[in-house]
């Protein structure tokens, strides 16, 4: 598995991309530092034809309690489309596999999903 963190700027923020199954996926952490250290992770998944931007205000509101992970599904938002000829489909099972690879790559084994 190839992991490629490309950092570009969007409104002064670093924008990480991660290579998942041959496609660049955008993801973003919304966190607030706490004295106690680690907080549980809440992963925000947008709806069909949406993007992670939909969840930004909610993630900010919950960031005292959770480290919030926003990401764009393959082909939506700031994530790229698969190259023509790939075997990736737009079935929910393929999107679930993308999420599993993302979580494994980021070393997350216990999460909440919103």
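At q = 0.26 Å⁻¹, what is the log10 ratio I(q)/I(0) for the stretch 28-86, with the Debye formula run over Cα points and no solvent? Here log10 of I(q) over I(0) equals -0.98. Note that the chain carries a Kirkwood radius of 14.7 Å, evaluated over its alpha carbons pair by pair. Out of the DSSP beta bridges found with both residues in the stretch 6-113, what percent are antiparallel (nearest 5)? Taking every DSSP beta bridge within the stretch 6-113, about 65 percent pair in antiparallel fashion. Angle of helix 92-105 to the longest C-alpha principal axis of the chain, folded into 0 to 90 degrees and rounded to 10: 50°.
Since every read-out is calculated from the coordinates, none of them should be taken as a lab result. All values derive from a computational prediction rather than experimental measurement.
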